[in-house]
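Visitor: The structure's right below; bear with me while I get my questions together.
Nothing in this text is a laboratory measurement; each read-out follows from the coordinates by a stated rule. Since this is a predicted model, take the numbers as computed values, not measurements. Quick reminder, even Gly has a Cβ in these numbers, built from the backbone with ideal geometry, and neighbours come from all protein chains shown.
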């Protein structure tokens, strides 16, 4: 994105760059939060006998699948955006 941005002055392009910058930042935070939640879960499993850990694993899988889907859609949208130039 930073290779694409220099020298761009069109208002719509600048708004698009800001939009994608914000979206990538949000997804970075989502990945960080997911990793933290997963580490916490692993620590729980190491220290406790958790009865419903299969349900928790399904929740993690669902969250990971959703996060990956969001990242893939964002990547496609971004490539479409920079391809317009």
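Visitor: Residue 5 versus residue 36, label points 7 Å from Cα toward the beta carbon: distance in nm?
Guide: Each label point is offset 7 Å from its Cα along the Cβ direction, giving 2.4 nm.
Visitor: Continuing with this model, one more query. For helix 53-83, report the angle its Cα long axis makes with the longest principal axis of the Cα atoms of the chain; keep it between 0 and 90° and round to the nearest 10°.
Guide: Taking Cα atoms only, the helix is inclined about 10 degrees.
Visitor: Another question, if that's okay. P(r) for the chain: what percent of alpha-carbon pairs falls in each 10 Å bin, starting at zero?
Guide: Taking every Cα pair in the chain, the percentages come to 15, 36, 22, 16, 10, 3.
Visitor: Right, here's the next one. Can you tell me the orientation of helix 11-47 relative to the chain, as the angle in degrees between its alpha-carbon axis and the longest Cα principal axis, to the nearest 10?
Guide: Around 10 degrees separate the two axes.
Visitor: How many percent of the alpha carbon pairs in segment 1-43 exceed a separation of 17 Å? The partial results should precede the final answer.
Guide: Numbers: 430 of 903 pairs.
The proportion of pairs with Cα distances above 17 Å equals 48 percent.
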